[in-house]
1. What is the gain in length, in nm to one decimal, between residue C:452 and residue C:616 on full extension, counting 0.36 nm per residue of separation less the C-alpha to C-alpha distance?
2. Given a Förster distance of 60 angstrom, what is the FRET efficiency for residue B:85 paired with residue C:564, based on the Cβ-Cβ distance and rounded to 0.05?
3. Let me test this: with uniform point scatterers at the alpha carbons of segment C:8-112, what is the Debye-based log₁₀ I(q)/I(0) at q = 0.21 1/Å?
4. Given a Förster radius of 30 Å and the C-beta distance between residue B:151 and residue A:6 as r, what FRET efficiency does 1/(1 + (r/R0)^6) yield to the nearest 0.05?
5. Amide H to amide H, which residues 5 or more places from residue C:279 or on other chains are under 5 Å from it, using H placed in the peptide plane?
6. Indicate the gyration tensor shape class of segment C:96-196 (rounded, prolate or oblate), computed on the Cα atoms with a ≥ b ≥ c the square roots of the eigenvalues: a/c under 1.5 is rounded; otherwise a/b larger than b/c is prolate and the rest oblate.
7. State the answer as a single residue: which of C:528, C:583, C:516 lies farthest towards the positive end of the charge dipole of segment C:482-592, with beta carbon charges of +1 for Lys and Arg and -1 for Asp and Glu, about the Cα centre.
8. Ranking C:476, C:402 by Cβ neighbours within 10 Å, fewest first, what do you get?
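Any read-out appearing in this document is the output of simple, stated calculations on the displayed coordinates, not a laboratory observation. Computed from a predicted model, the values in this text were never measured in an experiment. In this analysis, Cβ positions are derived from the backbone assuming ideal geometry, glycine residues included, and neighbour counts consider all displayed protein chains.
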Amino acid sequence: MSLEVMLNAAGLAFVVGGSRWHQADGQVMFLFILTMAAAEVAVGLALVLRIYHRFKSLDADVLSGMRG
Amino acid sequence: MEPAFYIAGGVAVLATLLMLTRLNVVHALLYLIVSLLGVGVVFFVLGAPFAAALEAIVYAGAIMVLFLFVVMMLNIGAHAAETEKQWLTRGVWTGPGVLAGILLIEVAYLGRGSYAALGTAAIAPKEVGIALFGPYLIGVELASMLLLAGLVGAYHLGFHEAEKPEIQHDTDTHEGRADTGGDLVLAGTDRSARTP
Amino acid sequence: MLSWLWLIPALPFASAAVLMLFGARLPRRATAAVGVGSVGLSALVTILVAFSFWSAPPAGDSYTQVLWTWIRVAVFEPQIGLYLDALSLVMILVVTCVGFLIHFYSAEFMMEDPGYSRFFAYMNLFVASMITLLLGNNLLLLLLGWEGVGLCSYLLIGFWYRDPENGLAARKAFIVTRVGDSAMMLALFLLFSGLGTLQIRDLMERASQQWPSGSTYAVAAAFLLLGGAVGKSAQLPLQVWLPDAMAGPTPTSALIHAATMVTAGVYLIARTHVLFSLAPAAQTAVAVVGAATLLLAGFSALTQHDIKRILAYSTVSQIGYMFLALGVGAWQAALFHFLTHAFFKALLFLGAGVIIKSLHEEHSIFRMGGLRREMPVVFWTFLIGGCALAGLPFLTAGFFSKDLIIWETWAAQGGHPALWIAGMAGALLTALYTFRLIFRVFFGPVETPVTNRFGYAMHAPLVILAFLAVVAGYIKEPFLTFLHSALPATIDAGAGGLTETGSEAVAGALFVIGVYFAYLFHLRNRSLADALTASPVGRALHQWWFAGWGFDWIYDKAFVQPFVWMANANKSDFVDAFYTGVARLTEWFYRELSSTQTGRVRWYVTGMAAGAVLFIAMVLAL
């Protein structure tokens, strides 16, 4: 969710920039960001489902298999 | 139009803060949706109607709904609220708070300088479309490929999860290896689970 | 004939090499033949060379034979060169001839010892090194011989290495002489840096030309050389090693620690006499050291009960006489005393060896007695040697040489009445301890019976040496004249109030007094001696003198204990701590860094966020 917030914030910056200089490029960038966010959410949530299925918990600290 | 900008901006910031501090996941998601809609209004005020529409439709409409699906599917419930309460203590917020504060200062520092007036001329969707099919054509194609990859990946990751039950394997014995040998994909998934 | 000079050191070197390589495989007779024969041949060559030198003296009264150049570095070009003049000739005659007699004796003495060939290898190596020392024409070659004899001394003192006590004595000898050797090496550095050469003749010439009398260079060099001589000759303050060196086999004690090695210091000072003439302070120091040592050792010898230790302290004392002579400028007298001392001291040691072996390794004179009837040959030769040592007037060589020295302490320019008194007191002490020894060992009831008897191989050298001890005194005048070609004449300051005969009369009287008191305490009424040592003053003095005036104790407290403490304190090696510290620091870093690998996503995200913040800040700052 925080990632969504951050992506949104970046998109906001782009759009504001586009508005400032009266160019469409800001919105174009926003579109791309949106697309990327969608793809990332899909994959990420699929991963979250896998994690939950495996570890029966969504505690990120449980995912410490790379410890050492 | 200016007051609308400030009000919508304030709503967005407030909704985000509320989202961060909620113990119930669904509440947090709903606040996030509110925040996104507020940003959408900001876009509209800034003269980017196309972006505003996209924000509402795709972001708030599709992505957040996806989030809600997953949350409801996992059915975390009251137990998660309890654990969140334990984790989200005051002390936990200091680190991220400090870092975010520094970032805020940096952004403010970057944004200093002359203030231009809010542009009143709106950029019509037509212009955006022309830009998309013009200079940014390759970007569009790449974005579509990205979406395809995301789709396939999500499908693949979700596929095995429902199908095969977990097979307990002792990775030290030879039988364990023989069972999974030859199918690398299966070998990856059928490793014995470390039960939490 | 003179060109055969190089054979004199070469023969013993060769035989030492042969014995070291093949000695274990040779039968006893062959080993003895090689070992004794090489020194014998060397002695023969020496005699021939001496004849040739004496009958037809070469130009400048010296003969140099350069074998090859040893090192060639810029201006530093020492050679392997042999330099023969009267001084070195006399000394190599003594070394080879007395050495031959001692080797001959030890062929039978060491017969049952499993290390037979090793013994002869070391002894030959010693003889070779000593001759190198004596014949070297530059100080570096002399130093080579010096170190060689030090090495052989160590090897031979610790010959029976299985007993750790012997190893201890050997190490003590080596370390103490090392102190002296270091002083000598400093002297060599000083001489080379000051005068640019180490060739002895050139050195002496340049020194007399470039350094004024009393210059700091000369005084420093002379004192350092004195330090070296003091170490090797076991004089004050480095005399502590010689009594303990008696742990070695008796022939070793006879050869090395009586007749030859310990006189290397005397040779060194005589050789560099020009330097000492240029440094009157150093020369006076030589005399003072000699006088102090001869008294100190004399008192110590009076209390010892190990026969070899008595003789060891006696050696220290007699070399003190030689130093005394050198110190007052009586160069030839010192050499004359060296000659006679070599004869009678070697004789005494060899005799002691026979006694010890006959009584089955009995060393204490208080457990010996009445050997006069049991071992007549040994008795008569030992008596002659003892009289020579104590200075029986007119009949023994020791009288002539010792009295010459004592006379010169009065008469010579560097002399002083205090030194004369010291010399006379020393003579009294010498008579006392010598006849204490003789009366205890040869007279009185038999305490330990004689269990072994030996043949002519061990008795013949005794007889020959006894003969020499008597006869050598009569060649005093020709001998001194002969040495004039190498050493300056003694400058007489004009004797006031005493003539040479007067001095001799006093010495003779002291001899009689000494013998009489020894007779009183150790023959007629032995309980008197016990009563004397039992009295409180007597006991304190006895213990103090027995322990060599406490020098061992002083050195132990002053040097050995602090060193051992430092070594213990540094057991963990503080220098190493730096390197282990580096390793430990690295390990600490490793631990800290590996603890960041938590595997937790939140940790990594935090890291990324902090990194991003930092990065942006850096970009902004630029």
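1. Details: separation 164, 0.36 × 164 = 59.04 nm, distance 10.23 nm.
That pair, residue C:452 and residue C:616, stretches by 48.8 nm at full extension.
2. Numbers: r = 69 Å, r/R0 = 1.16.
Computed FRET efficiency for residue B:85 and residue C:564: 0.30.
3. Each listed q corresponds, in turn, to -1.07.
4. Numbers: r = 23 Å, r/R0 = 0.77.
Computed FRET efficiency for residue B:151 and residue A:6 comes out at 0.85.
5. For residue C:279, whose amide H was placed from the backbone, the distant partners under 5 Å are C:214.
6. Working: a/c = 3.94, a/b = 1.65, b/c = 2.39.
Taking the square roots of the gyration eigenvalues as a ≥ b ≥ c, segment C:96-196 is oblate.
7. C:528
8. On the way: C:476 18, C:402 30.
In increasing order of surrounding Cβ atoms, one gets C:476, C:402.
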